[in-house]
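Here is the structure we will look at.
The values are calculated or read from the model by the stated rules, or taken from the named source; none is laboratory data. What you see is a predicted model, and the numbers here were worked out from it, not measured in a lab. All Cβ positions, glycine included, derive from the backbone under ideal geometry; neighbour counts span all protein chains shown.
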């Protein structure tokens, strides 16, 4: 990858892909992109080189654009196998390639099947309730936490290339973790909140006076439903590819609500039920900060073990990674 200005191809220019392209460009990378939607391509051409076809994006076969050093895939999970197969045909096998899907086991398996040794599963932990390139922003992914999910088959130089790109060009804070562990974690902190937001909205019409409820709704209802009732295709794609982990979290929630039903008439027991949330609140708000370093050639299992404990890669020197812990995701505190 070019030391001064890496060349990045971004495939898929919706909210996340578009924000990634704009953010990397603002961070000094040379970025071009492509999207299957013609209107999106037209809009993106206002700020980026965008060819008419995917092959031109992957090979740089367009005026004024060189082949990419690194490829970012912002396609829906359902579309990734076909896109990964095309990437495998068009780019050198050890080229760093990463996706941005909100689940990781399925993309990692698809990349392995396509023979892409340079693939690194990735997930930026930020977003909005909007969708499409018109909602994209160069600031959306800047400084936020990412998860990377390499495996023992991942080319170490590809992992380093993706880490360098995200940390240096987006000021990212990166947790390197096992794909299955990632999917379990996001089932709780991302996918379950989407389920709850949609459930709250679906229940609104079941009240005796839904229009009164709408008039009385305030901050807690707004915050709890922000991501609900929006892009059903995007939400459904996300939930359907994390079935087992999400089902486990939903069952845990069911168990908590069943307990709540039994203690509503008992103030002391209700207080105990509410007190259980204090542990989670303390975990979010009171984790002690820390800093450590790790050699660049540290084994993958060391990186993933630290990632599982909340250590994030935030920089590197010529010989070592810098890792920090204890700070919440900046997308959470915005």
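Taking every residue in the range 303-315 that is in the same structural domain as residue 292 (by TED's automatic domain parsing) and within 18 Å of residue 166 (Cβ to Cβ) and pairing it with any residue that is part of a loop (DSSP other than H, G, I, E, B) and modelled with pLDDT of 95 or more, at least 6 positions away or on another chain, the pairs with Cβ-Cβ distances below 6 Å are 304/177; 304/178; 307/177. In the range 50-61, the condition of being in a loop (DSSP other than H, G, I, E, B), free of Cβ contacts under 8 Å to residues at least 24 places away in the same chain and under 21 Å from residue 136 (Cβ atoms) is met by at least one residue. Could we say that residue 131 is modelled with pLDDT of 95 or more and surrounded by fewer than 20 Cβ atoms within 10 Å (Cβ to Cβ) here? Criteria not met by residue 131.
Taking the range 5-61 as the range and being at pLDDT 95 or above, touching a strand residue (DSSP E or B) at 6+ places or on another chain (Cβ under 8 Å) and on the phi > 0 side of the Ramachandran plot as the test, only 12 passes.
Can you tell me how many residues in the range 141-157 are within 17 Å of residue 29 (Cα to Cα) and crowded, with 23+ Cβ neighbours inside 10 Å? Adding up the residues that qualify gives 1. Comparison of 233, 209 shows that the only residue that is under 22 Å from the mean Cα position of the chain (by Cα) and more than 30 Å from residue 152 (Cβ to Cβ) is 233. Checking 27, 18 one by one, the residue that is surrounded by fewer than 24 Cβ atoms within 10 Å (Cβ to Cβ) and within 23 Å of the chain's Cα centre (by Cα) is 27 and no other. So, residue 294, is that one surrounded by 12 or more Cβ atoms within 10 Å (Cβ to Cβ) and closer than 25 Å to residue 182 by Cα or not? Criteria met by residue 294. Number of residues in the range 103-133 that are assigned to a helix (DSSP H, G or I) and more than 15 Å from residue 183 (Cβ to Cβ): the value is 5.
Can you confirm whether residue 219 is modelled with pLDDT of 95 or more, under 15 Å from the mean Cα position of the chain (by Cα) and surrounded by fewer than 19 Cβ atoms within 10 Å (Cβ to Cβ)? So residue 219 fails the test. Only one of the numbered conditions (1) surrounded by 15 or more Cβ atoms within 10 Å (Cβ to Cβ); (2) under 20 Å from the mean Cα position of the chain (by Cα) is not met by residue 263, and that is (2).
With respect to the conditions (1) part of a helix (DSSP H, G or I); (2) in contact with a helix residue (DSSP H, G or I) (Cβ under 8 Å, 6 or more places away or on another chain); (3) surrounded by 15 or more Cβ atoms within 10 Å (Cβ to Cβ), residue 164 falls short on a single one, namely (2).
Residue 268 passes every criterion in (1) surrounded by 14 or more Cβ atoms within 10 Å (Cβ to Cβ); (2) outside the structural domain of residue 122 (by TED's automatic domain parsing) apart from (1).
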